[in-house]
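Scroll down for the structure; my scribbles are underneath it.
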Amino acid sequence: MENKNINLKKLIKSIGSKKIKDYIYLTIFFVIFSIFIIFAIRPALVTAFSLKREEKELMEKNLTYQKAIADASENLFILEDVRDRLFLVDEAIPDSPQINKVVDDIGNASNQNSLLLRNIFVSEKIEYVDSDKKNFQEVRVNLETLGNFENIINMINALNSQRRLKNINNMEIFSQSDISTESGVLDIQTEIIGFYL
């Protein structure tokens, strides 16, 4: 037992030395510093890095929103620019068939280009669905005319320059004689479609 007391006294005496005290203080400092790093600094660093990542994501979203706002304002300027010309859309695709207007447009185009209108037939309306799945109705006009090739081209250009939207769906051109000339009379059968809502 005495041996144990002597060892204990030596241990206490050795702890009292300056070198050992420095090591003990240093060890206690590192333990406390490690606990401080784990519980105080680490959460602050995690928060800082997550805030930096969130800032980057918000900057990307901000750029996306700025682009969307710029596109919307550009579209607004375009709409303001064409607002006074919206009646052209109504004339291109009217609310009703206006068959007489379609026939008049075709007749005027034929007459202006020296085509002899032999026969005109308006068929029943057929529903037409475009790529956006909006339903349009169509009026089909079949006509037979006589004229030369240059007159046909001029009539097509005249139809395309009119405000009412029309589509030449089918055109057949026949020669009336066996001999072809520039001014030869051709028999033209055409199907023209006019659209309406």
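Worth pointing out:
- D90 being within 30 Å of V139 (Cβ to Cβ) and touching a helix residue (DSSP H, G or I) at 6+ places or on another chain (Cβ under 8 Å): no
- Answer from M1, M59 - the residue that is open to solvent by 90 Å² or more (accessible area, probe 1.4 Å), among the aliphatic types (A, V, I, L, M) and at pLDDT 90 or above: M59
- When F136 is tested against the conditions (1) open to solvent by 90 Å² or more (accessible area, probe 1.4 Å); (2) modelled with pLDDT under 80; (3) over 21 Å from A158 (Cβ atoms), the lone failure is (1).
- If you go through region 62-75 and pick out every residue that is open to solvent by 90 Å² or more (accessible area, probe 1.4 Å) and either within 30 Å of R163 (Cα to Cα) or touching a residue at least 40 places away in the same chain (Cβ under 8 Å) (or both), you end up with 1.
- Filtered residues of region 106-122 (kept if closer than 10 Å to N151 by Cβ, open to solvent by 50 Å² or more (accessible area, probe 1.4 Å) and not in a strand (DSSP E or B)): Q112, S114
- Qualifying residue in region 81-91 (condition: exposed (fewer than 10 other Cβ atoms within 10 Å of the Cβ), within 12 Å of R163 (Cβ to Cβ) and among the charged types (D, E, K, R)): yes
- Residues that are modelled with pLDDT of 80 or more, surrounded by 13 or more Cβ atoms within 10 Å (Cβ to Cβ), in a strand (DSSP E or B) and in contact with a helix residue (DSSP H, G or I) (Cβ under 6 Å, 6 or more places away or on another chain) occur at least once in region 158-173.
- Enumeration of residues in region 186-197 that are among the aliphatic types (A, V, I, L, M) and modelled with pLDDT of 80 or more: L186, I188, I192, I193
The values are calculated or read from the model by the stated rules, or taken from the named source; none is laboratory data. Everything quoted here is computed from the prediction, not taken from an experiment. No Cβ is skipped: glycine too gets one built from the backbone with ideal geometry, and neighbour counts run over all protein chains shown. Note: accessible area is taken over every heavy atom of the protein model, side chains too, but ligands, DNA and RNA are not part of it. Shrake-Rupley method; radii C 1.70, N 1.55, O 1.52, S 1.80 Å.
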